[in-house]
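Let me begin by presenting the structure, written as structure tokens, before commenting on it.
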Amino acid sequence: MKPGGGRRKGKRFERQVVAIMREAFDLDVKDCYRTPLSGGHFAASKEDPGDLFLGPSFQMSMPKPLCIECKNSKDFNITRFHKFEEPKSSWGETRALHQVIKAAGTDKAPVLIFNHGRKIWCCCPEVLRHQKVTGLFFVFNGVKFCMTSFEEVVAGWVKLQDPNQRALHNDIQSMGGLVKRKRRVA
């Protein structure tokens, strides 16, 4: 890879995610964009530390404001997500999850969006998932995550924009989520 190629690749992926978000939620340019230097400059690290800026109208429509980190890395291996009993600090997935959790702090929900095998994946806290989203669930640093395709997560978030769906989602979350039935062993 040429010098600076990784930065260009990351910027291109962030722009792709921004385009998907703008189209799905009918957001204006001023309501959804890449933060300058991918959130690395001083002002962004205090106000909006993630890779993407999402306007107040969108953030208010979510159960919790989002802090989004985008990673475009061929080193990500999604099969490792179900083996997080003892994550290694050398894994790109581990470093990315640490980064987004630290950036989100306590007042925002950490969301990791990454590329793997020509498909965009998303790791978001369980509180942000729509009730019908399926995926791999794991706990990392005390945060319960759901990993599924970004397309499925966005479709669930679009449903949350409907006031009736949002009220239902909030009721379910306040009751502790969906009740899972135990299997009977014969």
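What follows is calculated from the coordinates using simple rules that are stated; it is not laboratory data. Since the model is a prediction, treat every value here as computed from it, not as a measurement. Cβ: placed from backbone, ideal geometry, glycine included. Neighbour counts: every protein chain shown.
Need the full-extension length gain, V158 to R95, defined as separation in residues times 0.36 nm minus the C-alpha distance. One decimal, nm.
Difference between extended and current length: 19.8 nm.
Taking neighbour counts of Cβ atoms within 10 Å as a proxy for exposure, in what order, fewest first, do K11, K74 appear? Don't skip to the answer; put the middle values down first.
Working: K11 15, K74 10.
In increasing order of surrounding Cβ atoms, one gets K74, K11.
Too long at a 20 Å Cα-Cα cut-off: which of K30/K119; K64/K102; K64/K159; K11/K119?
K30/K119
Only counting other Cβ atoms within 10 Å, I'd like E23, E152 sorted with the fewest neighbours first.
E23, E152
Which of V139, V100 comes first, and how do the rest follow, when ranked by fewest Cβ neighbours within 10 Å?
V139, V100
Could you work out how far apart the two model spin labels at D107 and M60 are, taking each label as a point 7 Å from the Cα in the direction of the beta carbon, and quote it in nm?
About 1.6 nm, to one decimal.
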